[in-house]
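Q: Would you mind keeping the following structure in view while I ask a few things?
The values are calculated or read from the model by the stated rules, or taken from the named source; none is laboratory data. Keep in mind the model is a prediction, meaning the values are calculated, not measured. Every residue, glycine as well, gets a Cβ built from its backbone with ideal geometry; the counts of neighbours run over all protein chains shown. Ligands, DNA and RNA are stripped out before the accessible areas are found, and what is left, the full protein with its side chains, is counted by its heavy atoms. Shrake-Rupley method; radii C 1.70, N 1.55, O 1.52, S 1.80 Å.
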Amino acid sequence: MSYDKDHTVIRFDIVKNRRKFFIASSVIIIIGLLFTLFQGLHLGVDFKAGTRLDLYIGKQFNPTDIEAVIKKEVPNVNFSAVTPYGENHGQAYTRFDQTISSDTLMKVEMALKAKYGEQVSKQVSSVDPSIAQEMVKKAGIAVAIAAVGIAIYIAIRFQWLFGIACVVGLAHDVFIPIALFSILGLEVDITFIAALLTILGYSINDKIVIFDRIRENLRTMKSKTIPELEHLVNVSLWQTMRRSVYTVATVFFTALALAVLGSESIQNFSLALLFGLVSGTYSSIFIAAQVWVNLKERNMKKKKEGM
């Protein structure tokens, strides 16, 4: 532990080690990018035409028995493995690669009622190809508009260098959950997009707090040389560290409770939120602020060479 002349605690020199953080993030992003390119994303029916069938069985069942009924009533159509979920695994879901008519699904339900009892019921969500393409397009536009709007706001409120650093950090925050979902093979549906937008909002709030502290310290602390600038950013990060950690911990445990105790329908949303909270806090401290340091140092060198 060391103290500067203003009695500010700097437990670890984050700025000095920024290249290590850049390398760590680059490795994660490259691995994630390779998985995303070669393995792709497991798109749900919101973004890929098809039908999702949720079944309430109400008792223990063998998934292969359900699959046998589906194969008999819906022949020549590919569908994912029947996956049990819910309390005592009394529910299950599967997804068809193409839209299935309500009459055909009614036959499935009737066959399952004959096998497991009258308590059996179904819930269906279908998306045709044109709507699926429209959903993908609008989801991408929504995330892009949110990111650009946030970057412009930061550039206007602070400086354009902060805006660039913010864009880099937000791109990092959005890509990490996408890469993890690709690596883990988790389904990407409309709730995933909602989680990404939530992550953007949370992450920008964290970055604003850190950038605001840097801006305040620029008014009171010397930053005419590169070592002074690095010291200023280090001090600013540690002055906001407790707030960042406590805030993310509060939200993280709430999202964790939703992921563990919540229903299956919001599980992917909760997981995306957890991934985004961690990557957002990490990028605010170890990536975005460090990108700003690099950009600022480059400007200082150019001004010095121009004198």
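Q: With a sphere of radius 12 Å drawn around the Cβ of ARG95, what net charge do the other residues whose Cβ falls strictly inside it have (Lys, Arg +1; Asp, Glu -1)?
A: Details: positive: LYS48, ARG52; negative: ASP46, ASP54, ASP97, GLU187, ASP189.
Around ARG95, the charge tally is -3.
Q: Semi-axes of the equivalent ellipsoid for the stretch 193-276, please: Cα gyration tensor eigenvalues, times 5, square-rooted, ordered largest first, whole Å.
A: For the stretch 193-276, the semi-axes come out at 35, 12, 8 Å.
Q: Under a 1.4 angstrom probe, counting protein chains only, how are ILE29, ILE287 ranked by accessible area, largest first?
A: Details: ILE29 55, ILE287 10 Å².
The ranking, largest first, comes out as ILE29, ILE287.
Q: How would MET106, MET300 rank on accessible area, largest to smallest, probe 1.4 Å? Present the calculation step by step, with values, prior to reporting the outcome.
A: Working: MET106 85, MET300 40 Å².
Largest to smallest exposure gives the sequence MET106, MET300.
Q: Still on this structure, please answer the following. With a 1.4 Å probe and every protein chain kept in, tell me what percent of the accessible surface of the chain is carbon plus sulfur. List each step's numbers first, then the result.
A: Values: 9990 of 16420 Å².
Here it works out to 61 percent.
Q: Among the complete DSSP H segments of the chain, which ones combine at least 18 Å of alpha-carbon extent along their axis with a mean Kyte-Doolittle hydropathy of 1.6 or more? Write down the numbers at each step before the final one.
A: Working: long enough: 18-38 (30 Å, 1.69); 102-116 (20 Å, -0.15); 129-157 (42 Å, 1.26); 160-184 (36 Å, 2.05); 190-220 (46 Å, 0.66); 226-261 (49 Å, 0.91); 267-283 (24 Å, 0.86); 289-306 (26 Å, -1.49).
Length and hydropathy pass: 18-38, 160-184.
Q: Which whole-number percent gives the relative contact order of the stretch 77-177, counting Cα pairs below 8 Å spaced six or more residues apart?
A: On the way: 55 pairs, mean separation 13.5, N = 101.
After rounding, I find 13 percent.
Q: Now, a different point. For Cα extents along the principal axes in Å, the listed values are (i) 66, 51, 36; (ii) 70, 46, 31; (iii) 84, 37, 30; which was obtained by calculation from the structure presented?
A: So the structure-derived entry is (iii).
Q: Under 8 Å for C-alpha pairs, at least 6 residues apart: give me the relative contact order for the chain, rounded to a whole percent.
A: Details: 399 pairs, mean separation 71.2, N = 307.
Worked out over the chain, it gives 23 percent.
Q: Between the DSSP loop rule and a limit of at most 10 other Cβ atoms within 10 Å, which GluC sites (Glu not before Pro) in the stretch 135-237 are left?
A: On the way: sites: GLU187, GLU216, GLU228, GLU230; in loops: none.
Nothing satisfies the criteria.
Q: If you don't mind, another one. What ratio of Cα Rg to 2.2 N^0.38 Å holds for the stretch 42-152?
A: Working: Rg = 17.2 Å, N = 111, 2.2 N^0.38 = 13.2 Å.
Normalised by 2.2 N^0.38 Å, the Cα Rg of the stretch 42-152 equals 1.30.
Q: Still on this model: Given only helices, namely DSSP H runs of n ≥ 4 each adding -39500 (n - 2.57), what is the per-residue ellipticity at 222 nm of the chain, to the nearest 500 deg cm²/dmol? It would help to have the intermediate numbers written out before the result.
A: On the way: 9 runs with 203 residues, N = 307.
Roughly -23000 deg cm²/dmol at 222 nm, from the helical runs in the chain.
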